[in-house]
1. Give the number of residues within the stretch 187-227 that are among the hydroxyl-bearing types (Ser, Thr, Tyr) and either open to solvent by 10 Å² or more (accessible area, probe 1.4 Å) or at pLDDT below 95 (or both).
2. Please give the strands (runs of 3 or more DSSP E) falling wholly within the stretch 685-753 in which 1 or more residues are farther than 17 Å from LYS644 by Cα.
3. I'm trying to understand the selection: among the residues of the stretch 104-117, which are open to solvent by less than 10 Å² (accessible area, probe 1.4 Å) and away from the ligand (no atom under 13 Å from the Cβ)?
4. Given the condition buried (at least 24 other Cβ atoms within 10 Å of the Cβ), acidic (Asp, Glu) and out of contact with any Lys or Arg (no Cβ under 6 Å at 6 or more places or on another chain), answer yes or no: does some residue in the stretch 161-169 qualify?
5. Residues in the stretch 543-568 that are outside any loop (DSSP other than H, G, I, E, B) and within 28 Å of GLY531 (Cα to Cα): how many?
6. Please go through the stretch 234-251 and give me each residue that is more than 16 Å from the ligand (Cβ to nearest atom) and farther than 27 Å from HIS292 by Cα, ordered by number.
7. For GLY255, state whether it is closer than 30 Å to ALA14 by Cβ and either of a type in the set (D, E, K, R) or away from the ligand (no atom under 16 Å from the Cβ) (or both).
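The values are calculated or read from the model by the stated rules, or taken from the named source; none is laboratory data. Since the structure is predicted, the reported quantities are computational estimates derived from the model, not experimental observations. Cβ atoms come from the backbone with ideal geometry, glycine included; neighbour counts cover every protein chain shown. Heads up: the accessible areas ignore ligands, DNA and RNA and are worked out on the full protein's heavy atoms, side chains in. Shrake-Rupley method; radii C 1.70, N 1.55, O 1.52, S 1.80 Å.
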Amino acid sequence: MAKKWLVVITIMIAVQANAQQDSKMNQFISSLMQKMTLEEKVGQLNLPSIGFDVTGPILSEGVEDKIKKGLVGGVFNTYTPAAVRKLQDIAVKESRLKIPLLFGFDVIHGHRTIFPISLGLSASWDPALIERTARVAADEASADGLNWTFSPMVDIARDPRWGRVSEGSGEDPYLGSRIAKAMVQGYQGNDLSKDNTIMACVKHFALYGASEAGRDYNTVDMSRVRMYNEYLPPYKAAVNAGAGSVMTSFNEIDGVPASANKWLLTDLLRKQWGFNGFVVTDYTAITEMIAHGMGDEKKVGELALNAGVDMDMVGEIFLNHGVELVRSGRVPMAQVDAACRRILEAKYKLGLFADPYRYINEERGKERIMTADKLALSKEAAIKSMVLLKNANQALPLSAGKKIAFIGPLVKDQRNLIGSWSGAGEWKKATSLWSALEQKFGANKFLYAKGCNLVDDEALRKSLNEHDGQIATDATPEQLLNEAVQTAQQADVVVAVLGETAGMSGEAASRSMIGLLNNQSDLLHALKKTGKPIILVLMNGRPLTLEWEDKNMDAILEAWFSGTQAGPAMADLLFGDANPSGKLSMTFPRNVGQVPIYYNAKNTGRPFTEGQKYTTQYLDVPNSPLYPFGYGLSYTTFSYGDLKLNKTSISGNEKLQVSLTVTNTGNYDGTETVQLYIRDLVGTITRPVKELKGFQKVSLKKGESREVNFTLGVDDLKFYNGNLQWAAEPGEFKVFVGGNSQEVKEAGFRLVR
Ligand code: NOJ
């Protein structure tokens, strides 16, 4: 009892302290805003880009002069203490009110030490690990002068044609929400004003992952019920975790682009979810509303401000028209005041008013960037992200005693290992698979052939190289192929290392066909003809179609673009010094015609029934995917005992205990991700055939068994009904537990009033 009171008193003290801090902040900002002209207030809403790369057509100009005039709230793409100091100096020494700048950057999967691409990281199903990677990213970014990252990207994605699936956590709202929260916590810690925490920005709000046909920047149209139940949860989880900012998406929602969508930015985000940070647009998203057909510059500026946008990324529509929009009465002064206040609040919370140079510390940069512990985490994350898709007859792990030929353009590759959106990452610091093998076993231990150029298609290569692809063509395809076949013939086993280039996934990297490129596929066919066992190691940023590979390869390891330590991680996994444990967070289709494909689909009125024509199916491909959500093998095997429920029904606050025994039945120690799904059998709206509601990672020694327990309460059974009320409906439920979304044990229970 005394303990309970202690908790209550501690919470009350914390609430009071927060309230005091808030009132101090409010007073400070109010008095600052009293001194600000309308021009200066609008200036705070301006976010130009300087340095690095651009992802859109407009480059910011005359930025230093604008900073001097108080017409810039923050800049992005500028980093390193020296570069940041130069601009911060101008802001706090040369502008009238000396308001410090925000410094933002796309720190997506690591800053200098690069971790696996986000899709890969999500395959670890390990939010605590992902939080640690975000913490390290924040530590490095803040040591590099930054205080704001445009991450986490939490767009639910069901269409692997969309290149940006690589930047998110896959298709599932529950897993996506857990990861969204972990990343916000990792970046922001529990005190934004610390010099090693940075502000998160949840993006792309909202529904960007549902771009039609998987084509980037394309239209989105979706029912509210689908939005609320399937697409919005991760954004909400990030907001609930305290994310300081939100970025609008490029797409439209209900026919209104996100940056003009008042329902989205004000009614949903602020009023329903209680978000109190600031909203920044994506790159020139306000300007792009002209092309969307929403009006001229002034009109789109008016729409964005009135919808609840606070900051304009690069477009300078607010800067050029904001003052006049207020003076002419098209935008209430209160709207600009509110936006300006929110940006100043963010600066205050980051501690920038107390010390504008808080994040600028050359010494810390030297001490904290790419240190041994950070590289070790990068390797750990890479190992835990890779997914073993096939392993016939225990083809893996390899024995170093065998004669092994490593073949493929990615064996020695460094350039692509760090994947897309690794702006400050230096690919030359990444360790290739080949170097890792040399470090592990010494030089000249294995055979090698390049086999093919990474990309032979000239148009594709040209376009990739325009954006820093550096894809080389060494020799003619015939020479490379012949050499590879000869090399394979000398070996006992072939490891083919193939996939995409980093630039083939990420922004503006949609593909209509998602198999291996023809030249790579030709290489695999030629290798297959040698009759040697083939292990396929894949580096790529999206689910690929791998039907032929699945039939013809002995083993397939999905390695993604796994970052700075990708090579050592692959080497450890291939030779059994580590055991694969990754599980897919996104379904791998058999072919593109199945897309969009996802496990938590609806049953339909005519569920597929073998032999019955008029049921939902294709004439030419099964409904099932090649590799389902949650799937991934280990060098060992796990068996699942029957499900035990402690009750057959629950009501009110009662909890249902779900337990079962998992046994490591193979020859290696290993880690299994035990997944729990439910199905609500009858509802006032149709419910998915399965929904993930929990998972646990269990490490078991060979031969070891463990009881795994899950607790389900009524909250886990809730969903948004047709009136968008969050409620559970009494009736029959199924619960499933297994090692992926398809192979599960099941039981039933009831929810009663
Ligand atoms: C455009 C991208 O959509 C977004 O994800 C990114 O944060 C911004 N550019 C800034 O680079």
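1. So in the stretch 187-227, the residues among the hydroxyl-bearing types (Ser, Thr, Tyr) come out as 187, 193, 197, 208, 211, 217, 219, 223.
Narrowing further to those that are either open to solvent by 10 Å² or more (accessible area, probe 1.4 Å) or at pLDDT below 95 (or both): 193, 217, 219, 223.
So the answer is 4.
2. Working: elements: 691-700, 705-712, 731-738, 744-752.
Counting at least 1 such residues, we get 691-700, 731-738, 744-752.
3. Step one: list which residues in the stretch 104-117 are open to solvent by less than 10 Å² (accessible area, probe 1.4 Å), which gives 104-105, 107-111, 113-117.
Correct list: GLY110, HIS111, THR113, ILE114, PHE115, PRO116, ILE117.
4. yes
5. Of the stretch 543-568, the ones outside any loop (DSSP other than H, G, I, E, B) are 547-552, 555-558, 566-568.
With within 28 Å of GLY531 (Cα to Cα) added as a condition, the list becomes 547-552, 555-558, 567.
So the answer is 11.
6. Kept after step one, since they are more than 16 Å from the ligand (Cβ to nearest atom), are these residues of the stretch 234-251: 236-237, 239-242.
Hits for the stretch 234-251 are ALA237, VAL239, ASN240, ALA241, GLY242.
7. Working: closer than 30 Å to ALA14 by Cβ: no; either of a type in the set (D, E, K, R) or away from the ligand (no atom under 16 Å from the Cβ) (or both): yes.
In short, no.
For every residue, the table says whether it meets (1) surrounded by 15 or more Cβ atoms within 10 Å (Cβ to Cβ); (2) within 28 Å of GLU672 (Cβ to Cβ); (3) of a type in the set (Phe, Trp, Tyr); (4) at pLDDT 95 or above.
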| residue | (1), (2), (3), (4) |
| --- | --- |
| TYR614 | no, no, yes, yes |
| LEU619 | no, no, no, yes |
| LEU626 | yes, yes, no, yes |
| LEU633 | yes, yes, no, yes |
| THR637 | yes, yes, no, yes |
| TYR640 | yes, yes, yes, yes |
| LEU643 | yes, yes, no, yes |
| GLY652 | no, no, no, no |
| LYS655 | no, yes, no, yes |
